[in-house]
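These notes concern the structure reproduced below.
The values are calculated or read from the model by the stated rules, or taken from the named source; none is laboratory data. All figures in this text were calculated on a predicted structure; none of them were measured in a lab. Glycine also receives a Cβ, built like all others from the backbone with ideal geometry; neighbour counts cover every protein chain displayed. Heads up: the accessible areas ignore ligands, DNA and RNA and are worked out on the full protein's heavy atoms, side chains in. Shrake-Rupley method; radii C 1.70, N 1.55, O 1.52, S 1.80 Å.
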Amino acid sequence: MTSSASKLPARLTKGNLPTKVCLTCGRPFEYRKKWRNCWDEVKYCGEKCQRNKPKALTTT
């Protein structure tokens, strides 16, 4: 198993999904099945927020 899988709950049910806050719009969003392998890298709630990400954001 990967390290990202170990941070997720053992059984993902509708009331037991992890959440994050979008860096662009500031709204919370929940885990999606398509993000299963890359949940740690997900920063934006959708494609529109990813395209309109803040210019001052620096990755370290």
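Between a residue in the stretch 13-33 that is at negative phi and any residue that is assigned to a helix (DSSP H, G or I) and surrounded by 11 or more Cβ atoms within 10 Å (Cβ to Cβ), which pairs come within a Cβ distance under 9 Å, given they are 6 or more apart or on different chains?
Qualifying pairs under 9 Å: C22/C49; L23/C49; T24/C49; T24/Q50; C25/C49; R27/C49.
Got at least one residue in the stretch 29-51 being among the acidic types (D, E), open to solvent by 100 Å² or more (accessible area, probe 1.4 Å) and modelled with pLDDT of 90 or more?
For the stretch 29-51, residues among the acidic types (D, E), open to solvent by 100 Å² or more (accessible area, probe 1.4 Å) and modelled with pLDDT of 90 or more: present.
Does L12 satisfy being in a loop (DSSP other than H, G, I, E, B), open to solvent by 50 Å² or more (accessible area, probe 1.4 Å) and at pLDDT below 90?
yes
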